[in-house]
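Here is the structure we will look at.
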Amino acid sequence: MILGIETSCDDTCAAVVGADGAIHSNVVASQGLLHSRYGGVVPEIASRRHLELIDAVISDALERADIDLSGVGTVAVTQGPGLIGALLVGVSAAKALAAARSLPLAPVDHLAGHVLASTLGRSPIKPPFLALVASGGHTFIARVDSPPEYRMLGRTLDDAAGEAFDKGARLLGLPYPGGPELDRLAREGDALAFDFPRSLPGSGLDFSFSGLKTALLYTVRDIGPEEAKRRAADLAASYQRAIVDALLGRTREALEQAGAPRRLAIGGGVAANSELRSGAERLAGELGVALWVPPFELCTDNAAMIAGVARFMEPIAYPGYLALDASARAA
Amino acid sequence: MNVLGIDTSTPASAVCVLRADGEEYEVVPSLAELTGPPGHARELMPRVAEVIERSGLSYDELDAVAVGVGPGSFTGLRIGIATARALASAAGIEVRPVSSLHALAEGIDAPVRAPLIDARRGELFAAIVGPKGTLAEPFVAPPEQVAERIRSVDPTALAAGDGSLRFRGLFEAAGVRVADGGSSAHVVRALHVCRLASGVRPVAPEAVVPNYLRAPDARPAST
Ligand SMILES: [Zn+2]
């Protein structure tokens with residue numbers, strides 16, 4: 001069994017995953033509400049909370065999997081990227097747990113966790129495949145041939161898609177975290193009411209969302225606060241459509257490239273967005289591509305995906321990892 | 001009682017095993033580590049493994065893990081405490097939380113001692129400890145106020161710690177004595193964490209948190 005630990009942002013997570021990819025437990029203690037009053041994740045508050053929660057979350061994950069530490073063969077932990085102070089809580093706990101039992105330790109790339117989330121569960125995706133990952137922290141398209149390796153084909157040059165959702169929601173006066181709120185409001189609106197840019201920079205597969213956010217800001221300013229309030233649902237629907245179009249437009253290009261895999265996985269918190277899900281289904285159907293959309297709890301940050309990546313790795317034997325450090329940036 | 005002691009309240013990683021038979025196996029950090037960049041993630045666990053090995057004990061033979069809970073560097077404390085808690089959980093034993101300022105005071109050779117830990121942003125974590133106990137509970141303040149407090153409590157007090165090294169000129173000008181520059185009194189030693197542990201009530205690992213003494217900066221991450 002692999003014990004996974006993930007503390008890269010504002011969720012304290014632990015999970016137990018079998019070598020076959022079966023998820024025996026997947027515990028997430030979300031700090032969302034704690035940060036809502038600040039309008040974003042506060043690193044020092046997140047780090048404090050991680051430390052308060054980490055032991056209970058790990059015990060809970062072991063208990064729900066009906067094992068104790070003696071049933072753990074490998075400890076997997078998110079090494080980065082993420083908030084450094086937050087990462088260090090998980091890395092410190094993981095190293096100490098593993099060392100006390102002379103267990104091997106797998107330092108996992110958080111992004112690989114999202115990319116490979118669909119390799120877990122009962123009908124895992126098989127390489128080669130393309131993965132569209134969109135969350136509050138990252139947005140990119142990657143190609144997987146032999147996990148845990150993946151090749152970044154394109155990425156956002158500025159904001160992440162989830163950030164664009166949250167910032168748009170804030171401009172529309174919705175509470176943080178605004179992504180789900182915006183999704184809900186958009187269902188009541190007309191997505192063709194406003195024309196927002198789908199900026200696709202350059203000829204590659206990169207994204208850009210900062211112009212879109214500015215366009216919404218100008219539109220709200222131009223029509224005035226009263227009108228913006230009255231037409232909030234239309235604004236939300238049109239804004240969301242622009243984000244989803246940009247994400248799926250690039251995904252389509254990636255899938256239409258010569259030699260592209262015929263399998264697509266989506267992941268990251270934005271994969272929970274209803275319009276992105278239905279749009280991805282349409283796109284996959286149209287191109288004859290098989291689509292994997294993991295359940296919601298594997299899209300947002302979680303430790304099962306971290307333990308899942310470790311299945312494809314050669315973990316570091318004790319005591320080789322004692323000096324392991326966290327890393328805020330992507331490897 | 002076989003005790004593993006840890007302190008990470010300053011940039012130096014201090015560890016020690018104090019065996020039930022009184023034998024000590026300690027890594028005393030160098031003074032240079034106090035002014036260098038903190039390297040707890042890279043240094044703490046290798047040092048823990050080293051003293052455990054030197055002591056001839058296994059993790060299962062430990063009776064307690066004692067840890068300095070600050071005040072001190074927030075990130076440092078979290079690394080030390082997360083480590084101590086996980087080691088204790090894995091061994092099925094309890095954690096004894098010790099004040100890092102009191103551990104620092106243990107190493108100062110004077111009747112009245114003023115342990116001072118650099119709190120950054122121009123402030124210090126401070127306490128004043130007399131022969132019969134604490135004269136001033138841990139507090140955070142700018143060095144001028146700390147010097148004034150020490151002089152008003154006991155002008156003979158001897159100050160030490162990375163906070164006293166940083167503001168030595170200010171303290172001496174204010175009439176507060178500071179331990180010699182080369183003295184190991186400036187380092188929080190894990191041996192002292194181990195010794196103080198015997199007077200502390202053990203607590204469940206998950207209940208041990210830092211004594212931050214300062215509210216967090218409530219600014220969202222720039223994204
Ligand atoms: Zn993530």
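The values are calculated or read from the model by the stated rules, or taken from the named source; none is laboratory data. Computed from a prediction, not measured in an experiment: that's the story for all the values here. A quick note on method: Cβ atoms are made from the backbone with ideal geometry, for glycine too, and the neighbour counts reach across all protein chains shown.
Does residue A:29 satisfy being outside any helix (DSSP H, G or I), surrounded by fewer than 21 Cβ atoms within 10 Å (Cβ to Cβ) and modelled with pLDDT of 95 or more? Give the steps one after another, and end with the answer.
Working: outside any helix (DSSP H, G or I): yes; surrounded by fewer than 21 Cβ atoms within 10 Å (Cβ to Cβ): yes; modelled with pLDDT of 95 or more: yes.
Yes, satisfied.
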> Quick one: is residue A:118 in contact (Cβ under 8 Å) with a residue 60 or more places away in the chain, more than 28 Å from residue B:90 (Cβ to Cβ) and small (Gly, Ala, Ser)?
Replying inline: yes
>> I'm trying to understand the selection: among the residues of the stretch A:138-168, which are of a type in the set (Gly, Ala, Ser) and either in contact with a Ser or Thr (Cβ under 7 Å, 6 or more places away or on another chain) or surrounded by 23 or more Cβ atoms within 10 Å (Cβ to Cβ) (or both)?
In response: A:142, A:160, A:161, A:162, A:164, A:168
>> Condition first: among the hydroxyl-bearing types (Ser, Thr, Tyr) and either in contact (Cβ under 8 Å) with a residue 40 or more places away in the chain or farther than 16 Å from residue B:95 by Cβ (or both). Now tell me which residues in the stretch B:28-69 satisfy that.
In response: B:30, B:35, B:55, B:58
> Out of curiosity, is residue A:158 farther than 22 Å from residue A:76 by Cβ and within 16 Å of the ligand (Cβ to nearest atom)?
Replying inline: no
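Results for (1) modelled with pLDDT under 95; (2) among the basic types (Lys, Arg); (3) within 16 Å of the ligand (Cβ to nearest atom); (4) out of contact with any helix residue (DSSP H, G or I) (no Cβ under 6 Å at 6 or more places or on another chain), shown as yes or no for each residue.
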site	(1), (2), (3), (4)
A:228	yes, no, no, no
A:238	no, no, no, yes
A:254	no, no, no, yes
A:265	no, no, yes, no
> For the subset of the stretch B:179-220 comprising residues that are of a type in the set (D, E, K, R) and closer than 21 Å to residue B:11 by Cβ, which member is nearest to the other protein chains (Cβ to nearest Cβ)?
Replying inline: B:217
>> Please go through the stretch A:133-151 and give me each residue that is near the ligand (Cβ under 10 Å from one of its atoms) and within 14 Å of another protein chain (Cβ to nearest Cβ), ordered by number.
In response: A:135, A:136, A:137, A:138
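Could you tell me whether the stretch A:231-240 includes any residue that is out of contact with any Gly (no Cβ under 9 Å at 6 or more places or on another chain) and either in the same structural domain as residue A:153 (by TED's automatic domain parsing) or not in a strand (DSSP E or B) (or both)? Even if it seems obvious, please write down each step before you answer.
Initially, the stretch A:231-240 is screened for residues out of contact with any Gly (no Cβ under 9 Å at 6 or more places or on another chain), giving none.
There is no residue in the stretch A:231-240 that is out of contact with any Gly (no Cβ under 9 Å at 6 or more places or on another chain) and either in the same structural domain as residue A:153 (by TED's automatic domain parsing) or not in a strand (DSSP E or B) (or both).
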>> Looking only at the stretch A:276-300, how many residues end up being more than 16 Å from the ligand (Cβ to nearest atom) and among the aromatic types (Phe, Trp, Tyr)?
In response: 1
>> So, in the stretch B:79-106, exactly how many residues are assigned to a helix (DSSP H, G or I), under 15 Å from residue A:97 (Cα atoms) and in contact (Cβ under 8 Å) with a residue 60 or more places away in the chain?
In response: 10
>> List pairs: first residue in the stretch A:124-139 and closer than 13 Å to residue A:298 by Cβ, second residue among the hydroxyl-bearing types (Ser, Thr, Tyr) and modelled with pLDDT of 95 or more anywhere in the structure, Cβ distance under 9 angstrom, at least six positions apart or on different chains.
In response: A:124/A:118; A:125/A:118; A:125/A:119; A:131/A:118; A:131/A:150; A:133/A:139
>> Given the criteria more than 14 Å from chain B (Cβ to nearest Cβ), within 16 Å of the ligand (Cβ to nearest atom), within 30 Å of residue A:110 (Cβ to Cβ) and in a helix (DSSP H, G or I), does residue A:271 qualify?
In response: yes
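Evaluate the following for residue A:44: is it in contact (Cβ under 8 Å) with a residue 24 or more places away in the chain, of a type outside the set (Ser, Thr, Tyr) and within 8 Å of chain B (Cβ to nearest Cβ)?
On the way: in contact (Cβ under 8 Å) with a residue 24 or more places away in the chain: yes; of a type outside the set (Ser, Thr, Tyr): yes; within 8 Å of chain B (Cβ to nearest Cβ): yes.
The answer is yes for residue A:44.
Can you tell me which residue in the stretch A:49-88 is surrounded by the most Cβ atoms within 10 Å (Cβ to Cβ), limited to those that are part of a helix (DSSP H, G or I) and within 16 Å of the ligand (Cβ to nearest atom)?
Just the residues of the stretch A:49-88 that are part of a helix (DSSP H, G or I), to begin with: A:49-64, A:69-71, A:84-88.
From the residues that got through so far, the ones that are within 16 Å of the ligand (Cβ to nearest atom) too are A:50, A:84, A:86-87.
Numbers: A:50: 29, A:84: 19, A:86: 32, A:87: 27.
If we take residues in the stretch A:49-88 being part of a helix (DSSP H, G or I) and within 16 Å of the ligand (Cβ to nearest atom), then A:86 is surrounded by the most Cβ atoms within 10 Å (Cβ to Cβ).
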> residue A:107: part of a loop (DSSP other than H, G, I, E, B) and of a type outside the set (S, T, N, Q), yes or no?
Replying inline: no
> Only one of B:128, B:108, B:117 is modelled with pLDDT of 95 or more, in contact with a helix residue (DSSP H, G or I) (Cβ under 8 Å, 6 or more places away or on another chain) and more than 27 Å from residue B:216 (Cα to Cα); which?
Replying inline: B:108
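Take the conditions within 16 Å of the ligand (Cβ to nearest atom), under 28 Å from residue B:220 (Cα atoms) and modelled with pLDDT under 95 and apply them to residue A:166. Does it pass? Give the steps one after another, and end with the answer.
Numbers: within 16 Å of the ligand (Cβ to nearest atom): yes; under 28 Å from residue B:220 (Cα atoms): yes; modelled with pLDDT under 95: yes.
Considered against the rule, which asks whether it is within 16 Å of the ligand (Cβ to nearest atom), under 28 Å from residue B:220 (Cα atoms) and modelled with pLDDT under 95, residue A:166 comes out as yes.
Taking residue A:97 as the residue in question, decide whether it is in contact with a strand residue (DSSP E or B) (Cβ under 7 Å, 6 or more places away or on another chain), part of a helix (DSSP H, G or I) and either within 30 Å of residue A:283 (Cα to Cα) or within 16 Å of the ligand (Cβ to nearest atom) (or both).
Against the criterion (in contact with a strand residue (DSSP E or B) (Cβ under 7 Å, 6 or more places away or on another chain), part of a helix (DSSP H, G or I) and either within 30 Å of residue A:283 (Cα to Cα) or within 16 Å of the ligand (Cβ to nearest atom) (or both)), residue A:97 does not qualify.
Being of a type in the set (Val, Ile, Thr) and touching a Cys at 6+ places or on another chain (Cβ under 8 Å) narrows it down to one residue among A:243, A:306; which is it?
Values: A:243 fails: touching a Cys at 6+ places or on another chain (Cβ under 8 Å).
After applying the criteria, what remains is A:306.
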> Just checking, which of B:114, B:136 is buried (at least 22 other Cβ atoms within 10 Å of the Cβ) and either in a strand (DSSP E or B) or among the aliphatic types (A, V, I, L, M) (or both)?
Replying inline: B:114
> Do you know which of the residues in the stretch B:26-43 that are more than 12 Å from chain A (Cβ to nearest Cβ) and part of a helix (DSSP H, G or I) is farthest from residue A:84 (Cα to Cα)?
Replying inline: B:31
>> I'm trying to understand the selection: among the residues of the stretch B:44-79, which are closer than 18 Å to residue A:94 by Cβ and at the interface with another protein chain (Cβ under 8 Å from one of its Cβ atoms)?
In response: B:44, B:45, B:46, B:48, B:49, B:59, B:75, B:78, B:79
> residue A:271 is checked against (1) in contact with a Cys (Cβ under 8 Å, 6 or more places away or on another chain); (2) not assigned by TED's automatic domain parsing to the domain that holds residue A:207 and fails just one. What number does that condition carry?
Replying inline: (2)
